[in-house]
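The values are calculated or read from the model by the stated rules, or taken from the named source; none is laboratory data. Because the structure is a prediction, the values reported are computed rather than measured. Don't worry about glycine lacking a Cβ; one is built from the backbone with ideal geometry, like all the others, and counts go over all protein chains shown. Quick note on the areas: whole protein, heavy atoms, side chains included, nothing else; ligands and nucleic acids left out. Shrake-Rupley method; radii C 1.70, N 1.55, O 1.52, S 1.80 Å.
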Amino acid sequence: LSDYELSCIKGKKHQKASTDPGISLKNPYLSELALENGLYFEDWIEGSSAQLSRMGFTAKRVQDAFGAGTTRVWIKSDLLSPGDMVVNQSLLHYTTVMRIAGYLVSEGIKTKVSHHDDVDIVADFKSGKVAFEFEQPGSHSTSKLLSKKEFAESKYGKVYFIGTSANIDDLAAVAEENAIQRGSALKELLDKLVIDNKE
């Protein structure tokens, strides 16, 4: 196991997952997020992304968190595990979390990503901290989801549970109006939070 993988398993804060590949990003705010998490979405990159493969990154096509269709993402190869896993998470989970975090960071929102031991994302809005949890279908029982909701609300005040069409009803039973489906509904929520933050 790499040092990064061991740190995730043991629950320790990891060091940066990659060295700077020297590429230009459309939004400079994304640089630290990309370096720390070993991931670049193709549409974050200004110009060619070809050198990423020489820097130890692997290209993957993933479902876009904000709409229909897929998007290309580059992930540091040593973070990938068999079965389309990124260290201890599914590729879908890792890239969805990073897509949300990337959007918030690019809008100037202070954002923290956690891949273990906390909510997936904490965003620091003017009105207060907001937590985001992405849940894949069948990943947690109702009682576990309730525990996660109580934990997040006690620590951050507000939490949104993001799901897919296959589990949004289960999430709504726990999080009510704070259950949001991936896709256009998720993008609309984030847009509204960002606009409210600027007012």
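Could you say which residue among Ala131, Ala152, Ala172, Ala185 is in contact with a Phe, Trp or Tyr (Cβ under 7 Å, 6 or more places away or on another chain), at pLDDT 95 or above and not acidic (Asp, Glu)?
Among Ala131, Ala152, Ala172, Ala185, only Ala131 is in contact with a Phe, Trp or Tyr (Cβ under 7 Å, 6 or more places away or on another chain), at pLDDT 95 or above and not acidic (Asp, Glu).
For the range 60-90, which positions are over 16 Å from His115 (Cβ atoms), part of a strand (DSSP E or B) and touching a Ser or Thr at 6+ places or on another chain (Cβ under 7 Å)?
Arg61, Val62, Gln63, Trp74
Give His93, His116 a once-over and let me know the one that is assigned to a loop (DSSP other than H, G, I, E, B) and open to solvent by 20 Å² or more (accessible area, probe 1.4 Å).
That would be His116, the only listed residue that is assigned to a loop (DSSP other than H, G, I, E, B) and open to solvent by 20 Å² or more (accessible area, probe 1.4 Å).
Filter the range 53-68 for residues that are touching a residue at least 24 places away in the same chain (Cβ under 8 Å), more than 16 Å from Ile100 (Cα to Cα) and surrounded by fewer than 20 Cβ atoms within 10 Å (Cβ to Cβ) and give the result.
Answer for the range 53-68, where residues must be touching a residue at least 24 places away in the same chain (Cβ under 8 Å), more than 16 Å from Ile100 (Cα to Cα) and surrounded by fewer than 20 Cβ atoms within 10 Å (Cβ to Cβ): Met55, Gly56, Lys60.
Just wondering, is there one or more residues in the range 41-48 that are more than 19 Å from Gly163 (Cβ to Cβ), part of a strand (DSSP E or B) and modelled with pLDDT of 95 or more?
yes
The conditions are (1) open to solvent by 10 Å² or more (accessible area, probe 1.4 Å); (2) under 16 Å from the mean Cα position of the chain (by Cα); (3) of a type outside the set (Val, Ile, Thr), and Phe161 fails exactly one of them. Which is it?
(1)
Taking the range 142-184 on its own, how many of its residues are in a helix (DSSP H, G or I) and touching a strand residue (DSSP E or B) at 6+ places or on another chain (Cβ under 9 Å)?
17
Step by step: first the residues of the range 69-83, then only those that are open to solvent by 40 Å² or more (accessible area, probe 1.4 Å) and either touching a residue at least 12 places away in the same chain (Cβ under 8 Å) or small (Gly, Ala, Ser) (or both), then the one that is farthest from Ala185 (Cα to Cα). Which residue is that?
Among those residues, the one meeting the criterion is Asp78.
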